[in-house]
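The values are calculated or read from the model by the stated rules, or taken from the named source; none is laboratory data. Just so you know, these numbers come straight off a predicted model, no measurement behind them. So basically every Cβ, Gly included, is an ideal-geometry build from the backbone, and we count neighbours across all protein chains shown.
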Amino acid sequence: MPTYNRARLLSLAVKSVLQQSFEDFEIVISNGGSTDDTKQVVDSFDDPRIRYIESKEKLSIGDNYQNALNHATGEYITFLSDDDAFVPVMLERVKRVIETEKAEVVAFRVCSYYHNGDIAFNRKVAPNTLAISQFTGEVTKFDTAQAAKLLYSLYGLNNLEYDDRFIISFLANAVYHHSIFSRVRAIKSHPFATTPADLYLAAAVFFVTDWYYCLDEPLHVWSNWADNATASAHKKGDELREHYEKLLNGEKLQFTPLKFALPQNCYVNTILQAKYDFDNRADETKIDWTKYYSTIYEDLIRLKGMRINVTRELDEFDEALRLEPSELQRQVKSEISNFRFASKQFLRKFPSVVRLAKRLFRKRKSDKPIFISGEASGFDDVLGAADFLLANLLRK
């Protein structure tokens, strides 16, 4: 658990681990230079399974993750953000898959807890709301070459039909055998240095193991609130771009034709960085640049509909496309022509932007989220949401 200046939230995350039904674990908390009372919060837990490491200087996000990992001694490792929570049976359910399948990596579903409310799933979400998509509880085994293609499909790098059963491992919604990190670090000594670090590892892991397991149960509750890095109703104007520029800390995108620092483009760059670093399957994971350009364009229109300033990015898009071969230009223009009118009309006709977002993110066919009010259901934080999920929705 890397943490920085979130003492008021950290205790909830720690409690979500301490209340796990499977009890043979350690919690490694890496304090990356906090100036609040983080240490006092950790000291308030009288549990020998907690190990606390503190840095006197502020660590980057990647260095903080790496510092925590360096001190981990468990056979299997997972990560938890200091503002999130695990459902109390997460370790038990994943351990069952590991023992049954002899799995090295198990990813599981995420559900979202909205602290402050947001615009999501084509509706206004009230504060203190838990959003859960439908799930089956089934385990699916993927060949990792196929899993890599599905990851590229999700981020607009090929036209492969998306498989509803596939789940991306974003650090906190996966458990990894410790040897996975040794294999990754043999190629990339600091895998957490790339922004975003979780997606880099998600892409890299497919090159260092043979099989990838997905458990279709929501066992991780992700916090959606104003301090998140994702695009949301909380970030308007230039705030989202400025946030990602800060995360990149002067680093330029190397692997994408477009260089602007908005989430989708940074995500693609991270995936392509991993592809470059682990190129032993390069022929199996070819990139469709027409799909890249058209997907980025759709995303810019979606952001514009969320009142995020993308004028600079749209200009860069046009300039970069003009430098591409004429056939690629023709294909991209054909792909995005259906969206031109919608982009001009987005202020007056918001549903058109919603349609673009749906096409971009290609949700699971079964994705019809259930929205649960915390006020009506008796919870008021991310930990309470995790407990409610176990008590009311997960199979016993």
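If you go through the stretch 61-84 and pick out every residue that is crowded, with 17+ Cβ neighbours inside 10 Å and closer than 18 Å to residue 4 by Cβ, you end up with 15.
If you go through the stretch 65-72 one residue at a time, do you hit one that is over 30 Å from residue 139 (Cβ atoms), touching a residue at least 40 places away in the same chain (Cβ under 8 Å) and touching a Ser or Thr at 6+ places or on another chain (Cβ under 8 Å)? Looking for residues that are over 30 Å from residue 139 (Cβ atoms), touching a residue at least 40 places away in the same chain (Cβ under 8 Å) and touching a Ser or Thr at 6+ places or on another chain (Cβ under 8 Å), one finds at least one in the stretch 65-72, hence yes.
Evaluating residue 150 against the criteria (1) closer than 22 Å to residue 286 by Cα; (2) touching a residue at least 24 places away in the same chain (Cβ under 8 Å); (3) not in a loop (DSSP other than H, G, I, E, B) leaves one unmet condition, (2). For residue 386, indicate whether it is part of a helix (DSSP H, G or I), closer than 30 Å to residue 8 by Cα and at pLDDT 95 or above. Considered against the rule, which asks whether it is part of a helix (DSSP H, G or I), closer than 30 Å to residue 8 by Cα and at pLDDT 95 or above, residue 386 comes out as yes.
Tally time: how many residues in the stretch 24-43 are assigned to a helix (DSSP H, G or I), touching a Ser or Thr at 6+ places or on another chain (Cβ under 7 Å) and of a type in the set (S, T, N, Q)?
Residues that pass the stated criteria total 1.
If you go through the stretch 67-89 and keep only what is within 14 Å of residue 173 (Cβ to Cβ), outside any strand (DSSP E or B) and not small (Gly, Ala, Ser), you end up with 78, 79, 80, 84, 87. The requirement of being outside any helix (DSSP H, G or I), of a type outside the set (Gly, Ala, Ser) and within 25 Å of residue 61 (Cβ to Cβ) is not satisfied by residue 94. Applying the set (1) of a type in the set (A, V, I, L, M, F, W, C); (2) in contact with an Asp or Glu (Cβ under 8 Å, 6 or more places away or on another chain); (3) over 24 Å from residue 113 (Cα atoms) to residue 7 leaves exactly one unmet item: (3). For the stretch 40-60, the candidate set comprises residues that are more than 28 Å from residue 246 (Cβ to Cβ) and among the hydrophobic types (A, V, I, L, M, F, W, C); within that set, the residue that is surrounded by the fewest Cβ atoms within 10 Å (Cβ to Cβ) is 45. Can we say residue 116 is polar (S, T, N, Q) and at positive phi? Criteria not met by residue 116.
For residue 353, the stated conditions hold: it is modelled with pLDDT under 50 and not charged (D, E, K, R). Residue 94 meets the conditions (1) surrounded by 23 or more Cβ atoms within 10 Å (Cβ to Cβ); (2) at pLDDT below 95 in every case but one. The failed one is (2). Reported count of residues in the stretch 106-131, each being crowded, with 19+ Cβ neighbours inside 10 Å and either among the charged types (D, E, K, R) or not in a loop (DSSP other than H, G, I, E, B) (or both), is 13.
Taking the listed residues 221, 268, the one that is under 15 Å from the mean Cα position of the chain (by Cα) and either in a helix (DSSP H, G or I) or at pLDDT below 90 (or both) is 268, with no other qualifying. Could you tell me whether any residue of the stretch 162-179 is in the same structural domain as residue 107 (by TED's automatic domain parsing), in a helix (DSSP H, G or I), more than 30 Å from residue 331 (Cα to Cα) and modelled with pLDDT of 90 or more? Yes, there is a match, as at least one residue in the stretch 162-179 is in the same structural domain as residue 107 (by TED's automatic domain parsing), in a helix (DSSP H, G or I), more than 30 Å from residue 331 (Cα to Cα) and modelled with pLDDT of 90 or more.
Only a single item in (1) more than 24 Å from residue 268 (Cα to Cα); (2) modelled with pLDDT of 95 or more is not met by residue 122, and it is number (2).
Could you list, in sequence order, the residues of the stretch 246-265 that are part of a loop (DSSP other than H, G, I, E, B), within 21 Å of residue 63 (Cβ to Cβ) and of a type outside the set (Asp, Glu)? The answer is 249, 250, 252, 253, 254, 261.
Scanning the stretch 155-169 for residues that are within 20 Å of residue 198 (Cβ to Cβ) and not hydroxyl-bearing (Ser, Thr, Tyr) yields a total of 5.
Residues checked against (1) loosely packed, with under 15 Cβ neighbours inside 10 Å; (2) out of contact with any Asp or Glu (no Cβ under 9 Å at 6 or more places or on another chain):
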residue	(1), (2)
163	no, yes
178	yes, no
187	no, no
193	no, no
